[in-house]
Amino acid sequence: MALPLPPGLTHAEVAFLAEMELVTVIPRQRLDSIDLLGGKTPPLRPPHRADLPLWLALLLKKQRRANILPPAWLHPASLADIIHAETKINPQAFSDPPPPPSRADPSRPGLARRQQGAGGNINNNNDDDDDGVYSGGLILSAPFRPSCTADAPAGYLPYHWLEVAEQLLAHAGDDVAAALGGGGTAASASSASSATILGEVRGLLRDLVEVRAAKLRSSTAALGSFGGGIMSLRGVGAMELAETRGFVLGVVDGVRKLGASVETARREAEEEGMDEGGDGESDEEMGF
């Protein structure tokens, strides 16, 4: 007999979905375009950069056919700024998700407009229409925007920030250390400096996870109101949702049961009061 599955996604499933995030690679060999379910990958021509799904970038990295450029939000300075913002500036809210990508408007110099969609190519370079939507007409939601590439802005955490950071540190740590250390290539970073940089990044990530986990647990106090509390999840990552789903559901279920018992007791008290009031009126009418 199969056991019932827990509600929501497991950690392995969330990590699997995170492998669809686009990251930036610097190819070391030429590679033609590959047809994938999400569209064709751009042809790799060293030393030009290209954006590829995380799973493909890790495969090429394992084969020593490409190096991975970490996103700007993984830099120690960016992580420190995010921790400072979440603990000192606005301790009640989470950091904002990355803004949608934008591009310069040639008709209005000095202004830019947001890119709201994408075509059928993973590394789409099609011109967008006048309304800011690509010719493909596909509107991208926040988890599927290119927020983990080298062009992603610093100071913002994407939806799969924790999973992508763990994958890059585990399988492309030399590239991360070389890029964050300013060396440019993995071979130029010494082992000592690489260990120092990676240790600093891991420590900041650990602090950020603890800060946001404590904030998630404390924010569930809003769910304790019997009228139906509201809990904001803006800026919460996919892995954080998967880890706290059971805790939040338990709190909601406990509040629901407690509210139901209070409502039952109130109705019983009202019924007893009505019965006592009705008996008194009947006694007066009968002249007792």
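The values are calculated or read from the model by the stated rules, or taken from the named source; none is laboratory data. Computed from a predicted structure; not experimentally measured. Cβ atoms come from the backbone with ideal geometry, glycine included; neighbour counts cover every protein chain shown. For accessibility, only protein heavy atoms count, side chains too; no ligands or nucleic acids. Shrake-Rupley method; radii C 1.70, N 1.55, O 1.52, S 1.80 Å.
Around Leu54, with a cut-off of 12 angstrom between Cβ atoms, what is the net charge of the other residues, counting Lys and Arg +1 and Asp and Glu -1?
On the way: positive: Lys61; negative: Glu19, Glu21, Asp51, Glu163, Glu166.
Here the charged neighbours net out to -4.
Set the Förster radius R0 to 35 Å, insert the Cβ-Cβ distance between Gln63 and Asp207 as r into 1/(1 + (r/R0)^6), and round the FRET efficiency to 0.05. Don't skip to the answer; put the middle values down first.
Numbers: r = 34 Å, r/R0 = 0.98.
Working from the Cβ atoms, E equals 0.55.
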Candidate residues His48, His11: accessible-area rank, largest first, probe 1.4 Å: His48, His11
Give me the distance in nm between label points sitting 7 Å out from Cα along the Cα-to-Cβ direction at Ala154 and Leu37, one decimal. 3.6 nm
Give, in nm to one decimal, the length gained when the segment between Arg217 and Met20 is fully stretched (0.36 nm per residue of separation minus the Cα-Cα distance). 68.0 nm
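Given a Förster radius of 35 Å and the C-beta distance between Ala265 and Leu233 as r, what FRET efficiency does 1/(1 + (r/R0)^6) yield to the nearest 0.05? The partial results should precede the final answer.
Details: r = 33 Å, r/R0 = 0.94.
The value I calculate is 0.60.
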On a full-extension model of 0.36 nm per residue, what is the gain between His11 and Trp55, subtracting their alpha-carbon distance, rounded to one decimal in nm? 14.2 nm
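Please find the FRET efficiency linking Arg256 to Arg30, where r is the Cβ-Cβ separation and R0 is fixed at 45 Å, and quote it to the nearest 0.05.
On the way: r = 60 Å, r/R0 = 1.33.
After rounding to 0.05, the efficiency reads 0.15.
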Give the lysines whose C-alpha is closer than 20 Å to that of Lys40, dropping any in the same chain fewer than 8 places away, or say none. Lys61
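Listed highest first by mean packing, meaning other Cβ atoms within 10 Å per residue, what order do 31-42, 262-273, 56-67, 13-24 come in? Let's see the in-between values first.
On the way: 31-42: 13.8, 262-273: 10.2, 56-67: 18.0, 13-24: 19.7.
Top of the packing list down: 13-24, 56-67, 31-42, 262-273.
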